[in-house]
1. On the given criteria, is Glu85 more than 16 Å from ligand 2 (Cβ to nearest atom), touching a Leu at 6+ places or on another chain (Cβ under 9 Å) and either among the hydroxyl-bearing types (Ser, Thr, Tyr) or open to solvent by 20 Å² or more (accessible area, probe 1.4 Å) (or both)?
2. I need a count of the residues in segment 193-221 that are surrounded by fewer than 19 Cβ atoms within 10 Å (Cβ to Cβ), in contact (Cβ under 8 Å) with a residue 24 or more places away in the chain and more than 14 Å from Gly317 (Cα to Cα).
3. State yes or no: is Asp114 out of contact with any helix residue (DSSP H, G or I) (no Cβ under 7 Å at 6 or more places or on another chain) and acidic (Asp, Glu)?
4. Can you pull out the residues in segment 96-123 that are open to solvent by 10 Å² or more (accessible area, probe 1.4 Å) and closer than 27 Å to Glu54 by Cα?
5. If I filter segment 222-231 for residues that are open to solvent by less than 30 Å² (accessible area, probe 1.4 Å), in contact with a His (Cβ under 8 Å, 6 or more places away or on another chain) and not acidic (Asp, Glu), do I get at least one hit?
6. Condition first: touching a helix residue (DSSP H, G or I) at 6+ places or on another chain (Cβ under 7 Å) and crowded, with 18+ Cβ neighbours inside 10 Å. Now tell me which residues in segment 318-332 satisfy that.
7. What helices (runs of 4 or more DSSP H) completely inside segment 214-280 contain at least 1 residues that are away from ligand 1 (no atom under 16 Å from the Cβ) and touching a strand residue (DSSP E or B) at 6+ places or on another chain (Cβ under 9 Å)?
Amino acid sequence: MNSLFRAGKQVLQASGRAFSAAANPDRKVVVLGAAGGIGQPLSLLMKISPYVSELALYDIAGTPGVAADVGHINSKAKVKGYAGEENLGEALKGADLVIIPAGVPRKPGMTRDDLFKINAGIVKGLTKAIGEHCPGALINMISNPVNSTVPIAAETLKKLGVYNPSKLFGVTTLDVVRARTFYAEKKNLNVADVDVPVVGGHAGVTILPLFSQATPSVDLTPEEVDQLTKRTQDGGTEVVQAKAGKGSATLSMAYAGALFADACLRGLNGEANVFEYSYVESDVTELPFFSSKIKLGSEGVEEIYGLGELNDYEKAGVKAMIPELSSSIEKGIKFANEA
Ligand code: NAD
Ligand code: LMR
């Protein structure tokens, strides 16, 4: 049972009594974009996390209402809403972890890269503020296109002289969540027992599930592997199309974002053997950023693992993603270094 699920269950079991997790150290978490489709449910999930003692909810508008609402939940975290750029510094001060779901989502027919024009500037501005007000915080980047927004954040922090590659994470957890769900459904497995590594980046062919390493291991035909791989790669588009113009994944993303944030906090707190997948600065491939399995520790990324033994289908998948991932990274670096 993962800890987020456990925490939720404990909160429910407390049935009206305040949830206490006194053993965990105080941790301040900030959500930037907290009034949005992801931001609101993510704020709710962070409010019931036993690892959060202070929750700052920031957006350009609408956060007082979200904070008042979420703040009534009888769990440990103290909640405060901050609206408007003039309050961003105050929201960030003292943060241990900053989660960024700020920015526009896709509509049908758009690629994640189509969001670059608007979201690149948003991410650059928010990362600059993080560098100025809480340079030691871990950053969980959700805003798309993740393949470019993470390099933008890295370059922005470098310019301020505060970049620590161990503390910057592109959140790719939703790809892992989807691959697990689709694999379990296809093979009639108990999804709670399933793990599927997903590597690369977070857009189309750059999302590569490694079903040869999935556990429990079951036989898949080449057609099944291809179908599961494509469904994982197109999972975001499946939701965008189903929402028909009303945005992209928010609820499953909030769940995935909370799982990842929770893992980061457990690592910070010194818990042993906290493993996730994340898009980080990496030398696993020739690209400067890549998502693979990581170990989380008290300073962020403690270890980055390689890709393991790949079959020919997966080797071709890695080869196929390199040009797109490389150009998305370059685009982000170039943008961050323009005036
Ligand atoms: P949304 O439009 O519902 O919410 C975005 C929020 O960001 C809004 O409340 C908006 O006011 C806020 N915002 C805009 N500019 C801001 C700024 N400068 N500072 C603070 N807040 C600002 O969108 P959403 O559905 O929540 O999606 C948010 C982002 O997350 C999108 O870019 C989307 O593509 C991305 N996303 C990523 C993943 C992933 O797996 N990494 C999954 C789903 C969505
Ligand atoms: C997702 O994977 O659901 C997100 O990246 C949102 C999107 O645009 O698909």
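1. Working: more than 16 Å from ligand 2 (Cβ to nearest atom): yes; touching a Leu at 6+ places or on another chain (Cβ under 9 Å): no; either among the hydroxyl-bearing types (Ser, Thr, Tyr) or open to solvent by 20 Å² or more (accessible area, probe 1.4 Å) (or both): yes.
Spelling it out, it is not the case that Glu85 is more than 16 Å from ligand 2 (Cβ to nearest atom), touching a Leu at 6+ places or on another chain (Cβ under 9 Å) and either among the hydroxyl-bearing types (Ser, Thr, Tyr) or open to solvent by 20 Å² or more (accessible area, probe 1.4 Å) (or both).
2. The qualifying residues number 4.
3. Values: out of contact with any helix residue (DSSP H, G or I) (no Cβ under 7 Å at 6 or more places or on another chain): yes; acidic (Asp, Glu): yes.
The answer is yes for Asp114.
4. Start the filter on segment 96-123 by keeping residues that are open to solvent by 10 Å² or more (accessible area, probe 1.4 Å), which leaves 96, 101-114, 116-118, 121-122.
Passing the criteria: Asp96, Pro101, Ala102, Gly103, Val104, Ile122.
5. no
6. In the first step, residues of segment 318-332 are kept if they are touching a helix residue (DSSP H, G or I) at 6+ places or on another chain (Cβ under 7 Å); the result is 320-321, 324-325, 328-329, 331-332.
If the condition is that a residue be touching a helix residue (DSSP H, G or I) at 6+ places or on another chain (Cβ under 7 Å) and crowded, with 18+ Cβ neighbours inside 10 Å, then Met321, Leu325, Ser328, Ile329, Lys331, Gly332 are the ones that fit.
7. Details: elements: 222-233, 235-243, 251-268.
Filter on segment 214-280 gives 222-233, 251-268.
Matching residues to (1) more than 16 Å from ligand 1 (Cβ to nearest atom); (2) buried (at least 24 other Cβ atoms within 10 Å of the Cβ); (3) over 21 Å from the mean Cα position of the chain (by Cα); (4) free of Cβ contacts under 8 Å to residues at least 24 places away in the same chain:
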| position | (1), (2), (3), (4) |
| --- | --- |
| Val29 | no, yes, no, no |
| Pro41 | no, no, no, no |
| Leu44 | no, no, no, no |
| Glu54 | yes, no, no, no |
| Gly62 | no, no, yes, no |
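The values are calculated or read from the model by the stated rules, or taken from the named source; none is laboratory data. Only a predicted model underlies this, so the values are computations on that prediction, with no experimental measurement involved. Don't worry about glycine lacking a Cβ; one is built from the backbone with ideal geometry, like all the others, and counts go over all protein chains shown. Heads up: the accessible areas ignore ligands, DNA and RNA and are worked out on the full protein's heavy atoms, side chains in. Shrake-Rupley method; radii C 1.70, N 1.55, O 1.52, S 1.80 Å.
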